[in-house]
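Reading through the structure tokens given below for one structure.
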């Protein structure tokens with residue numbers, strides 16, 4: 001029983017760490033979502049450990065599976081006011097090197113003033 005309890009606690013801590021990494025690296029949302037989904041399904045051990053019992057163990061497993069599925073389907077940058085989707089124009093900050101939308105005069109991450117440039121204009125569509 002003690003081994004299953006240790007495994008269930010370790011799986012919970014690993015899933016929390018993976019959600020933090022998902023927040024830090026949203027471009028890898030599919031990889032983190034699959035990992036969360038696998039560890040969520042593997043947390044069935046909490047049901048048998050006596051640590052979470054049938055109530056908390058099943059709830060944690062279901063939340064892990066649903067959270068992993070949502071992370072896989074998630075589109076980073078969509079639905080956030082002021083940010084454009086993946087097809088939008090971005091530039092690299094001259095100070096911190098992170099990607100920022102063109103509409104900002106300052107880097108939203110480090111606050112460094114950015115040079116005044118306009119986004120690239122789309123050219124004509126390619127011939128068929």
The condition from (1) buried (at least 17 other Cβ atoms within 10 Å of the Cβ); (2) at pLDDT 85 or above that residue 51 misses is numbered (2)
In this structure, is residue 44 modelled with pLDDT of 70 or more and farther than 20 Å from residue 69 by Cβ? no
Considering each residue of segment 93-121, count those that are in a strand (DSSP E or B), modelled with pLDDT of 80 or more and either assigned by TED's automatic domain parsing to the domain that holds residue 25 or under 26 Å from the mean Cα position of the chain (by Cα) (or both), and give that number. 2
Residues that are closer than 16 Å to residue 9 by Cα, at pLDDT 80 or above and assigned by TED's automatic domain parsing to the domain that holds residue 7: does segment 63-79 have at least one? yes
Checking 11, 16, 37 in turn, the sole residue that is more than 20 Å from residue 99 (Cβ to Cβ), in a helix (DSSP H, G or I), touching a helix residue (DSSP H, G or I) at 6+ places or on another chain (Cβ under 8 Å) and modelled with pLDDT of 85 or more turns out to be 37
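The values are calculated or read from the model by the stated rules, or taken from the named source; none is laboratory data. Since we're looking at a predicted model, the values are computed, not measured. Because the Cβ atoms are built from the backbone with ideal geometry, glycine has one as well, and the counts that use them run over all protein chains shown.
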